[in-house]
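A.B. asks: For reference, the structure I am asking about is given below.
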There are 2 protein chains.
Amino acid sequence: MKTIRNTDVIFSFKPKMDPIERVKPGEVLKFVTNDCFYGQLTSEMQSLEELDYSKVNPATGPVYIEGAEDGDLLKVKILSIQIDSAGMGLTMAGQGILSHNADNTLPKVLPIENGHCLFNDIAIPIDPMIGVIGVAPSDEDGECPTAVPWKHGGNMDTSDIREGSTLYFPVKQEGALLALGDLHAVMGDGEVCFAGCEIAGEVILQVDLIKNATATWPLVETHEATMIIASGNTLEEATIEATEQAVGYLNRGLDISWEEAYILASLIMDLKFSQVVNSEKTVRSAIPKYILPTETLLKTL
Amino acid sequence: MKTIRNTDVIFSFKPKMDPIERVKPGEVLKFVTNDCFYGQLTSEMQSLEELDYSKVNPATGPVYIEGAEDGDLLKVKILSIQIDSAGMGLTMAGQGILSHNADNTLPKVLPIENGHCLFNDIAIPIDPMIGVIGVAPSDEDGECPTAVPWKHGGNMDTSDIREGSTLYFPVKQEGALLALGDLHAVMGDGEVCFAGCEIAGEVILQVDLIKNATATWPLVETHEATMIIASGNTLEEATIEATEQAVGYLNRGLDISWEEAYILASLIMDLKFSQVVNSEKTVRSAIPKYILPTETLLKTL
């Protein structure tokens, strides 16, 4: 198994990037990741003013997948996520959905013990997830800093991107160029104060290709559902986009009229918050697999 | 057990209303409810232009709860929801989150058989919920049509308002004046096309009072969490309000600083879509009971 070291990182997903490793479809590989502060923040006594903000949200990679071309889907199955022994939560002045009330900055060390994240005397069960994961964007979308979520993936902060889930990314550049980082030991849907339990770790995943199957946004497949992960300037924009995509999949995948698909979506499709705190907001729409299996959905692309 | 008939309905929650029944705290009662069309729509062949739109979203009631006063919380435990043998889904031109694409109107009959809602050849497991439930609003808020969600409750379209859940409403008027209707046999979070499986039925519930405990928005308690149900002109506004309330409860209920409460909310509090299709949007924030038991939360009000 090839290992991608956490010293090989990017801070932007760019259309053109130099890969640091090459793998074949079907191959299993390990990414070692930094926390979102690139290891710069380790103590509650530290001033956050001393951090180098050009070095936040590092993503390990990028990795070139042989045979991947514009018009394919890159399939990424998350086999395991291992996290470090301590994470960091924090609020920063003027950040998060309550930015108008957030006057102070506070970093908080969060030890991980026996499967729990310790917050004072509260033991929170961990539920590790990947905050940043994506591929090289289209020429049209251009350079996307790793702090941003968009059609290439990026900082989607989606709790369903966890062990056992499978991601599907629209490939826009030769080799796809996969990179990831920004693990969270645990995070509530919305990530309201703008950070989860930020932590370093290791992700083992398997890459594969689905030829000639494109998509507008990344998808994540869980045990129960296929979800479209859409982002927008506002929650309304992201919600409209996620819904429009889901209704389109139901329309084509079940061979029913658009109106029937819209009614059906209203009955069985859950909208879910991913995050409300990045420059672009992220929402996912979940189509249950008993309604439309992922395989059928992917054929409608 | 007193039964409130579905011929006794309101189309607005008003500060002053004539109760059609009086009950004591602790009493169990049954509400018979109409569907949201007041039984006017029964066939797919019907033109929706013939409906009397002054008669949509009827809420059965209102019921006077003895001893309820401004400054109390009305506790409503939903003991059972029974639904009719057929519901109605529909899309209407220009409605829902995809209003820009919704050019046509289509009613769709949805039979209920063996615990499933039948949509063509798809059997959707039912999950009955109450769309409209509320009390008399404050004098300040004034008359609220039953189509609207606000601080008094109303058209919250929240899937967690189901059998086994307990609601808490801020009482603003003598007797509280509880009314409800607009059941859905099943509805996805968001209710994207603007209707669930609209259906008539019967709700059995138990009312109680918590004296001298107020709240800004209705709360719903499930097995796992206490949720604040907030509405706003936009999803952003509803999200800010739901988060601000949750952080306040964590701040006071756990006796931690506001900053710590904000960080903690980001780790353990899920934001959830209720509905995105009424004139005001509705979002709920879920505080897990293992973090803050409902009883403790209510004491911080």
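The values are calculated or read from the model by the stated rules, or taken from the named source; none is laboratory data. Being a predicted model, the structure only gives us computed values, none of them experimental. Here Cβ is always computed from backbone atoms with ideal geometry, including for glycine, and neighbour counts include all displayed protein chains.
A.B. asks: Please work out which one of (1) under 22 Å from B:Gly196 (Cβ atoms); (2) part of a helix (DSSP H, G or I); (3) facing another protein chain (nearest Cβ under 8 Å) is the condition B:Lys272 fails and give its number.
C.D. replies: Failing condition for B:Lys272: (2).
A.B. asks: Are any of the residues in segment B:157-168 acidic (Asp, Glu), free of Cβ contacts under 8 Å to residues at least 12 places away in the same chain and either in contact with a Ser or Thr (Cβ under 9 Å, 6 or more places away or on another chain) or closer than 22 Å to B:Pro19 by Cβ (or both)?
C.D. replies: If we filter segment B:157-168 for residues that are acidic (Asp, Glu), which is where we start, we get B:157, B:160, B:163.
Keeping just the survivors that are free of Cβ contacts under 8 Å to residues at least 12 places away in the same chain gives none.
No, there is no match, as no residue in segment B:157-168 is acidic (Asp, Glu), free of Cβ contacts under 8 Å to residues at least 12 places away in the same chain and either in contact with a Ser or Thr (Cβ under 9 Å, 6 or more places away or on another chain) or closer than 22 Å to B:Pro19 by Cβ (or both).
A.B. asks: Checking the conditions here, which among B:Tyr53, B:Tyr38 is aromatic (Phe, Trp, Tyr), surrounded by 13 or more Cβ atoms within 10 Å (Cβ to Cβ) and in the same structural domain as B:Arg162 (by TED's automatic domain parsing)?
C.D. replies: Values: B:Tyr53 fails: surrounded by 13 or more Cβ atoms within 10 Å (Cβ to Cβ).
Exactly one residue qualifies, and that residue is B:Tyr38.
A.B. asks: Which members of segment B:257-269 meet the condition of being aromatic (Phe, Trp, Tyr) and more than 7 Å from chain A (Cβ to nearest Cβ)?
C.D. replies: In the first step, residues of segment B:257-269 are kept if they are aromatic (Phe, Trp, Tyr); the result is B:258, B:262.
Of everything in segment B:257-269, just one residue is aromatic (Phe, Trp, Tyr) and more than 7 Å from chain A (Cβ to nearest Cβ), namely B:Trp258.
A.B. asks: Just one of B:Ser274, B:Ser279 is surrounded by fewer than 20 Cβ atoms within 10 Å (Cβ to Cβ) and either assigned by TED's automatic domain parsing to the domain that holds B:Val192 or among the small types (Gly, Ala, Ser) (or both); which is it?
C.D. replies: Details: B:Ser274 fails: surrounded by fewer than 20 Cβ atoms within 10 Å (Cβ to Cβ).
Among B:Ser274, B:Ser279, only B:Ser279 is surrounded by fewer than 20 Cβ atoms within 10 Å (Cβ to Cβ) and either assigned by TED's automatic domain parsing to the domain that holds B:Val192 or among the small types (Gly, Ala, Ser) (or both).
A.B. asks: Test B:Met227 against the stated conditions and say whether it is more than 8 Å from every other protein chain (Cβ to nearest Cβ), crowded, with 22+ Cβ neighbours inside 10 Å and touching a strand residue (DSSP E or B) at 6+ places or on another chain (Cβ under 6 Å). Show your work before the answer.
C.D. replies: On the way: more than 8 Å from every other protein chain (Cβ to nearest Cβ): yes; crowded, with 22+ Cβ neighbours inside 10 Å: yes; touching a strand residue (DSSP E or B) at 6+ places or on another chain (Cβ under 6 Å): yes.
Against the criterion (more than 8 Å from every other protein chain (Cβ to nearest Cβ), crowded, with 22+ Cβ neighbours inside 10 Å and touching a strand residue (DSSP E or B) at 6+ places or on another chain (Cβ under 6 Å)), B:Met227 qualifies.
A.B. asks: Residue by residue through segment B:275-301, note down the ones that are out of contact with any Phe, Trp or Tyr (no Cβ under 7 Å at 6 or more places or on another chain) and part of a loop (DSSP other than H, G, I, E, B).
C.D. replies: Correct list: B:Val276, B:Asn278, B:Ser279, B:Lys289, B:Tyr290, B:Ile291, B:Pro293, B:Leu301.
A.B. asks: If I filter segment A:39-60 for residues that are among the basic types (Lys, Arg) and either in contact (Cβ under 8 Å) with a residue 60 or more places away in the chain or under 28 Å from B:Thr239 (Cβ atoms) (or both), do I get at least one hit? Give the steps one after another, and end with the answer.
C.D. replies: The initial filter retains those residues of segment A:39-60 that are among the basic types (Lys, Arg), namely A:55.
Then keep just the ones that are either in contact (Cβ under 8 Å) with a residue 60 or more places away in the chain or under 28 Å from B:Thr239 (Cβ atoms) (or both); that gives none.
Within segment A:39-60 (the criterion being among the basic types (Lys, Arg) and either in contact (Cβ under 8 Å) with a residue 60 or more places away in the chain or under 28 Å from B:Thr239 (Cβ atoms) (or both)), the answer is no, since none of the residues qualifies.
A.B. asks: Further, regarding this structure: Output the number of residues of segment A:149-166 satisfying the condition of being more than 13 Å from A:Lys14 (Cβ to Cβ) and touching an Asp or Glu at 6+ places or on another chain (Cβ under 8 Å). First the steps, then the outcome.
C.D. replies: Of all residues in segment A:149-166, those more than 13 Å from A:Lys14 (Cβ to Cβ) come to A:149, A:151, A:153, A:155-166.
Checking the rest, the ones that are also touching an Asp or Glu at 6+ places or on another chain (Cβ under 8 Å) come to A:149, A:151, A:155, A:157, A:159, A:162, A:165-166.
The total comes to 8.
A.B. asks: Of a type in the set (D, E, K, R), within 12 Å of chain A (Cβ to nearest Cβ), in contact with a Ser or Thr (Cβ under 7 Å, 6 or more places away or on another chain) and under 24 Å from A:Ile291 (Cα atoms): does that describe B:Glu198?
C.D. replies: On the way: of a type in the set (D, E, K, R): yes; within 12 Å of chain A (Cβ to nearest Cβ): yes; in contact with a Ser or Thr (Cβ under 7 Å, 6 or more places away or on another chain): no; under 24 Å from A:Ile291 (Cα atoms): yes.
Spelling it out, it is not the case that B:Glu198 is of a type in the set (D, E, K, R), within 12 Å of chain A (Cβ to nearest Cβ), in contact with a Ser or Thr (Cβ under 7 Å, 6 or more places away or on another chain) and under 24 Å from A:Ile291 (Cα atoms).
A.B. asks: Can you tell me which residue in segment A:239-282 is farthest from A:Pro149 (Cα to Cα), limited to those that are within 17 Å of the chain's Cα centre (by Cα) and of a type in the set (A, V, I, L, M)?
C.D. replies: If we take residues in segment A:239-282 being within 17 Å of the chain's Cα centre (by Cα) and of a type in the set (A, V, I, L, M), then A:Leu271 is farthest from A:Pro149 (Cα to Cα).
A.B. asks: For segment A:232-273, give me each residue that is in contact (Cβ under 8 Å) with a residue 24 or more places away in the chain and of a type in the set (Val, Ile, Thr).
C.D. replies: A:Thr234, A:Thr239, A:Thr243
A.B. asks: When A:Gly201 is evaluated against the numbered criteria (1) within 20 Å of A:Ile287 (Cα to Cα); (2) assigned by TED's automatic domain parsing to the domain that holds A:Val109; (3) not aliphatic (A, V, I, L, M), which criterion, by number, is the only one it fails?
C.D. replies: The number of the failed condition is (1).
A.B. asks: While we're looking at this one, here's another question. What about B:Gly175, is it free of Cβ contacts under 8 Å to residues at least 40 places away in the same chain and part of a loop (DSSP other than H, G, I, E, B)? Full working, then the answer.
C.D. replies: Working: free of Cβ contacts under 8 Å to residues at least 40 places away in the same chain: no; part of a loop (DSSP other than H, G, I, E, B): yes.
No.
A.B. asks: Taking B:Ser231, is it hydroxyl-bearing (Ser, Thr, Tyr) and either more than 14 Å from the chain's Cα centre (by Cα) or closer than 30 Å to A:Glu244 by Cα (or both)?
C.D. replies: On the way: hydroxyl-bearing (Ser, Thr, Tyr): yes; either more than 14 Å from the chain's Cα centre (by Cα) or closer than 30 Å to A:Glu244 by Cα (or both): yes.
Against the criterion (hydroxyl-bearing (Ser, Thr, Tyr) and either more than 14 Å from the chain's Cα centre (by Cα) or closer than 30 Å to A:Glu244 by Cα (or both)), B:Ser231 qualifies.
A.B. asks: What is the number of the single condition among (1) at pLDDT 95 or above; (2) part of a helix (DSSP H, G or I) that B:Ser231 does not meet?
C.D. replies: Only one criterion is unmet by B:Ser231, namely (2).
A.B. asks: Tally up the residues in segment B:242-256 that are facing chain A (nearest Cβ under 10 Å), closer than 17 Å to B:Ser274 by Cβ and either polar (S, T, N, Q) or surrounded by fewer than 24 Cβ atoms within 10 Å (Cβ to Cβ) (or both), please.
C.D. replies: Number satisfying all stated conditions: 2.
A.B. asks: A further question follows. Evaluate the following for A:Ser266: is it outside the structural domain of A:Leu29 (by TED's automatic domain parsing), within 27 Å of A:Asp182 (Cβ to Cβ), in contact with a Gly (Cβ under 9 Å, 6 or more places away or on another chain) and crowded, with 23+ Cβ neighbours inside 10 Å? It would help to see each step written out before you state the result.
C.D. replies: On the way: outside the structural domain of A:Leu29 (by TED's automatic domain parsing): yes; within 27 Å of A:Asp182 (Cβ to Cβ): no; in contact with a Gly (Cβ under 9 Å, 6 or more places away or on another chain): yes; crowded, with 23+ Cβ neighbours inside 10 Å: yes.
Judged against the criteria, A:Ser266 is not a match.
A.B. asks: Could you please find all residues in segment B:61-93 being over 25 Å from B:Thr214 (Cβ atoms), more than 16 Å from the chain's Cα centre (by Cα) and hydrophobic (A, V, I, L, M, F, W, C)?
C.D. replies: B:Ile83, B:Ala86, B:Met88, B:Leu90, B:Met92, B:Ala93, listed by residue number.
A.B. asks: Could you look through segment A:155-164, keep only residues that are within 11 Å of the chain's Cα centre (by Cα) and more than 11 Å from A:Gln275 (Cβ to Cβ), and pick out the one that is surrounded by the fewest Cβ atoms within 10 Å (Cβ to Cβ)?
C.D. replies: Taking the candidates together, the pick is A:Arg162.
A.B. asks: I want to confirm something. Restricting to segment B:178-195 and keeping residues that are of a type in the set (Gly, Ala, Ser) and in contact (Cβ under 8 Å) with a residue 60 or more places away in the chain, which single residue is farthest from the other protein chains (Cβ to nearest Cβ)? Break it down stepwise before answering.
C.D. replies: So the first thing to find is which residues in segment B:178-195 are of a type in the set (Gly, Ala, Ser), and the list is B:179, B:181, B:185, B:188, B:190, B:195.
Subset that is in contact (Cβ under 8 Å) with a residue 60 or more places away in the chain: B:179, B:181, B:185, B:190, B:195.
Working: B:Ala179: 24, B:Gly181: 19, B:Ala185: 9, B:Gly190: 4, B:Ala195: 6 Å.
Checking each candidate, the answer is B:Ala179.
A.B. asks: I've got another one for you. Here is a list of conditions, (1) closer than 23 Å to B:Asn278 by Cα; (2) away from every other protein chain (no Cβ under 14 Å); (3) in contact with a Lys or Arg (Cβ under 9 Å, 6 or more places away or on another chain); (4) surrounded by fewer than 21 Cβ atoms within 10 Å (Cβ to Cβ), and B:Pro218 meets all of them except one; can you say which number that is?
C.D. replies: (4)
A.B. asks: Report those strands (runs of 3 or more DSSP E) wholly inside segment A:60-157 carrying at least 2 residues which are within 14 Å of another protein chain (Cβ to nearest Cβ).
C.D. replies: Details: elements: A:73-83, A:86-91, A:106-113, A:116-119, A:122-125, A:129-134, A:153-155.
Filter on segment A:60-157 gives A:86-91, A:106-113, A:116-119, A:122-125, A:129-134.
A.B. asks: Those residues that are more than 21 Å from the chain's Cα centre (by Cα) and in contact (Cβ under 8 Å) with a residue 12 or more places away in the chain, I need them from segment A:290-300; list them, please.
C.D. replies: A:Ile291, A:Leu292, A:Thr296, A:Lys299, A:Thr300
A.B. asks: While we're looking at this one, here's another question. Looking at segment A:108-164 only, could you name the residues that are basic (Lys, Arg) and closer than 23 Å to A:Ala215 by Cβ?
C.D. replies: A:Lys151, A:Arg162
A.B. asks: Right, something else. So which residues in segment B:200-214 are surrounded by fewer than 20 Cβ atoms within 10 Å (Cβ to Cβ) and in a loop (DSSP other than H, G, I, E, B)?
C.D. replies: B:Lys211, B:Asn212, B:Ala213, B:Thr214
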